[in-house]
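Let me begin by presenting the structure, written as structure tokens, before commenting on it.
Bear in mind these aren't lab numbers, they're just calculated from the coordinates by the rules spelled out. Please read all numbers here as calculations on a predicted model, not as lab measurements. Cβ coordinates were reconstructed from backbone atoms using ideal geometry, including for glycine residues, and neighbour counts include every protein chain displayed.
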Amino acid sequence: GEDVEQSLFLSVREGDSSVINCTYTDSSSTYLYWYKQEPGAGLQLLTYIFSNMDMKQDQRLTVLLNKKDKHLSLRIADTQTGDSAIYFCAVLYGGATNKLIFGTGTLLAVQP
Amino acid sequence: ETGVTQTPRHLVMGMTNKKSLKCEQHLGHNAMYWYKQSAKKPLELMFVYNFKEQTENNSVPSRFSPECPNSSHLFLHLHTLQPEDSALYLCASSQVGGKNEAFFGQGTRLTVV
């Protein structure tokens with residue numbers, strides 16, 4: 001099956017780094033993504049990584065992929081109160097169906 | 001503005017009503033998706049359309065009926081829904097091939113009474 005799991009909640013202080021983790025079960029993934037959802041809004045793509053990479057950095061965001069352990073993480077440096085949101089990891093399984101499967105979402109709460 | 005527009009933003013319907021959700025994308029993408037987001041549940045993939053052809057139906061009850069008349073438009077027809085179908089319904093589109101980034105609409109908040 002194609003399960004994608006995340007921890008439900010993370011609380012950090014403003015200025016600290018946040019690390020949000022994600023595990024998935026099916027190794028036939030092609031691309032992996034991180035999305036952000038603010039209250040009352042749709043999902044906004046933050047960043048992505050191709051499955052043959054192990055790291056990608058994009059300003060304050062660092063994505064790490066351990067394909068052997070099927071583990072993906074998102075590190076947010078210098079976390080701000082505006083980063084408070086739900087963060088979803090998503091895994092793309094290619095082939096004919098082109099399925100994009102989302103994790104359970106992690107609520108990030110940033111304390112001032 | 002993500003380039004994916006969903007209407008209506010909010011919908012309240014009775015269990016015997018028939019209604020439709022609409023999604024339109026202005027990004028030139030060739031794949032469109034319906035997702036259901038309920039409280040305390042993961043984002044659930046419902047349907048996938050690639051090049052207007054349905055390639056995935058994730059065991060969705062027949063009271064939900066998708067329609068994709070062209071690659072820019074996607075509908076979700078609703079008929080005799082149950083209160084547990086109340087949720088946020090999200091539409092997304094992407095370009096198959098390459099990094100296949102999905103862009104989401106704002107969603108339709110559906111309440112079944």
| field | Neighbour cut-off at most 10 other Cβ (10 Å), DSSP loop, trypsin sites (Lys or Arg not before Pro), the range A:1-82 | value | A:LYS68
| request: List B:CYS23, B:CYS68 from most exposed to least, where exposure is judged by having the fewest other Cβ atoms within 10 Å. | output: B:CYS68, B:CYS23
| said: Can you compute 3J(HN,Hα) from phi for each residue in the range A:101-112, using the Karplus curve 6.51 cos²θ - 1.76 cosθ + 1.60 with θ = phi - 60°, rounded to whole Hz and x for Gly and Pro? | reply: 10, 9, x, 6, x, 10, 7, 9, 10, 9, 8, x
| task | Any chance you could list P(r) for the range B:36-113, counting all Cα-Cα pairs in 10 angstrom bins from zero, rounded to whole %? | result | 16, 52, 27, 4, 0
| said: If I build a Gaussian network model for chain B, linking alpha-carbon pairs within less than 10 angstrom, which residue out of B:LEU78, B:LEU27, B:LEU88 has the largest mean-square fluctuation? | reply: B:LEU27
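Taking the Cβ of each residue in A:VAL63, B:VAL112 as the centre, tally the other Cβ atoms inside 10 Å and list the residues starting with the fewest.
So the ranking, lowest neighbour count to highest, is B:VAL112, A:VAL63.
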| message | If I measure Cβ to Cβ between cysteines in the protein assembly as shown, which ones have no partner under 4.7 Å? | response | B:CYS68
| Given B:LYS19/B:LYS40; A:LYS99/B:LYS36; B:LYS18/B:LYS40; A:LYS99/B:LYS99, which pairs have Cα atoms separated by over 20 Å? | B:LYS19/B:LYS40; B:LYS18/B:LYS40
| task | Might you report the magnitude of the Cβ-based charge dipole of chain A about its Cα centre, with Lys and Arg at +1 and Asp and Glu at -1, to the nearest 20 debye? | result | 180 debye
| query | Expressed as cubic angstrom per residue, what is the convex hull volume of the alpha carbon set of the protein assembly as shown? | reply | 118 Å³
| Cα-based equivalent ellipsoid, the range A:1-104: semi-axes from gyration tensor eigenvalues, Å | 23, 15, 12
